[in-house]
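Contents: one structure, followed by commentary.
Rule-based calculations on the coordinates, nothing more; no lab input. Because the structure is predicted, anything quoted here is derived from the model rather than measured. Methodologically, a virtual Cβ is constructed for each residue, glycine included, from the backbone with ideal geometry; neighbour enumeration extends over all protein chains shown.
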Amino acid sequence: MIDLHLHSTFSDGTSTPSELVSHGVSLGLRALALTDHDTIDGVDELVAEAARLNMDVLPGVELSAGICPLTKDHQREVHILGYFPKWNDEIKKALDPLRQVQKWREERNRAIVENMREYHIPITYEELVAAAGTPNVGRPHFANWLIDHGFAHSVGEAFQQFLVPGALTFKDRRTLDIAESIDLIRRAKGVAVLAHPKALHIFSDEDFENFLKGMVDLGLEGIEVYCSVHLPADIRRYERMAQKFGLVMTGGTDFHGKMKPDIRMGYGFGYTKVDDSVYVKLMEKLALKK
């Protein structure tokens, strides 16, 4: 088995990259990939620990790429996974624009903090970062802070009350758009993959095919067919779409550790179990990159 969609403490996961590698070894996984949100800061640690434990790993990233352009009323954010064939200074330099994305994220976070303080929620940005354990703070870290300080009873409640469009203290942030995200991955000699497509809530096959065609025209080369939120019928649907558009199929659990405690590395909710043939085909695609 493999798991090509994992998050660490460098974004909104609760395991370090080294812990992800050692846990993958203990599970007997063939390979894993680190795909933190809008950052590659944890990849050096991942690669070093993988070399020590003789584990196959892929450097990766998950980019937030703006709102799905299908209709003006469709407000689902598109996430694009990037996988890279190797890890060296050339690829790191090509991915340097992610530093600007991280600055945009920090600006958004500070604005949310200010909005919360206007509603008499006594949060500070420094306190939030300290509680998160990472400077790459995301909305799940806000949700946990709100729960810990009695302003919400659950992550879902925290998001609905404070952290989604239309909520009391929500603030949007700048991101790379879809074209920019795919181009960034390709310039770093990577393969761009549409993450967890079911999360887009595009239920019409015709609509999804039109959306996917636009993505392919921009350079998309893969689709995450196998993931924790995909049921067998979803998997068959996305396998069919991948075959129609000639896309490489990938898979992973979207493991976040304690942030999403029901999702287990390698198993998702218990039935994901991605076969390593997916990894082999992705590596074949990456080998063609020059």
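For the pair segment 1-79 / segment 112-155, the C-alpha centres are spaced 24 Å from each other.
Taking the square roots of five times each eigenvalue of the Cα gyration tensor of segment 178-231, the equivalent ellipsoid has semi-axes of 21, 14, 8 Å, listed largest first. Taking Cα atoms, how many degrees apart are the long axis of helix 178-187 and the longest axis of the chain, rounded to 10 and kept between 0 and 90? Helix 178-187 and the main axis of the chain meet at about 50 degrees. Label positions at Ala111 and Glu77, each projected 7 Å from the Cα along the C-beta direction, are separated by 1.3 nm. Backbone amide hydrogens, once placed in the peptide plane, bring Leu4 within less than 5 Å of Ala33, Gly251, Gly252, Thr253, excluding anything fewer than 5 places away on its chain. As a calculated quantity, the FRET efficiency between Asp207 and Leu288 at R0 = 35 Å, using C-beta atoms, amounts to about 0.70.
Can you figure out the FRET efficiency of Ile67 with Glu90, using R₀ = 35 Å and their beta-carbon distance, to the nearest 0.05? Efficiency for this residue pair is about 0.65.
With neighbour counts taken as other beta-carbon atoms within 10 Å, the residues Tyr119, Tyr279, Tyr125 rank, fewest first, as Tyr119, Tyr125, Tyr279. Helix 139-148 and the long axis of the chain differ in direction by around 40°, with both axes built from C-alpha atoms. Structural descriptor for segment 184-290: relative contact order 26 percent, calculated from alpha carbon pairs under 8 angstrom and at least 6 residues apart.
Pairs with C-alpha atoms separated by more than 19 Å, drawn from the list Lys189/Lys260; Lys213/Lys273; Lys86/Lys260; Lys213/Lys244, are Lys189/Lys260; Lys213/Lys273; Lys86/Lys260.
Under the rule a/c < 1.5 gives rounded, and otherwise a/b versus b/c splits prolate from oblate, where does segment 158-204 land using the Cα gyration tensor? It comes out oblate by the Cα gyration axes. For the chain, relative contact order (Cα pairs under 8 Å, six or more residues apart, normalised by length) works out to 22 percent.
Cα-based radius of gyration for the chain, normalised by 2.2 N^0.38 Å, reads 0.97.
Applying the Karplus relation 6.51 cos²θ - 1.76 cosθ + 1.60 with θ = phi - 60° to segment 230-240 yields 3J(HN,Hα) values of 9, 7, x, 5, 5, 4, 4, 4, 6, 4, 5 Hz, where x marks Gly and Pro. Fewest-first ordering of Phe84, Phe203 by other beta carbons within 10 Å of each residue's beta carbon gives Phe203, Phe84. In terms of packing, defined here as the mean over residues of other Cβ atoms within 10 angstrom, the peptides 238-244, 11-17 line up highest first as 11-17, 238-244. A simple rule links phi to the HN-Hα coupling: the Karplus curve 6.51 cos²θ - 1.76 cosθ + 1.60 with θ = phi - 60°, which for segment 265-273 gives 4, x, 10, x, 7, x, 10, 6, 6 Hz, with x for Gly and Pro. Net length available on complete extension from Leu168 to Asp183 is 1.9 nm, with 0.36 nm assigned per residue and the Cα-Cα distance removed. Taken about its Cα centre, the chain carries a charge dipole of roughly 460 debye when the Cβ of each Lys and Arg holds +1 and the Cβ of each Asp and Glu holds -1.
Relative contact order, whole percent, for segment 100-163 stands at 24, derived from Cα pairs under 8 Å and 6 or more residues apart. By the count of other C-beta atoms within 10 Å, a proxy for reagent exposure, Asp177, Asp254 are ordered fewest to most as Asp177, Asp254. Residues in segment 152-158 carry Karplus couplings, in order, of 7, 9, 8, 4, x, 5, 4 Hz; the curve used is 6.51 cos²θ - 1.76 cosθ + 1.60 with θ = phi - 60°, and Gly or Pro positions show x.
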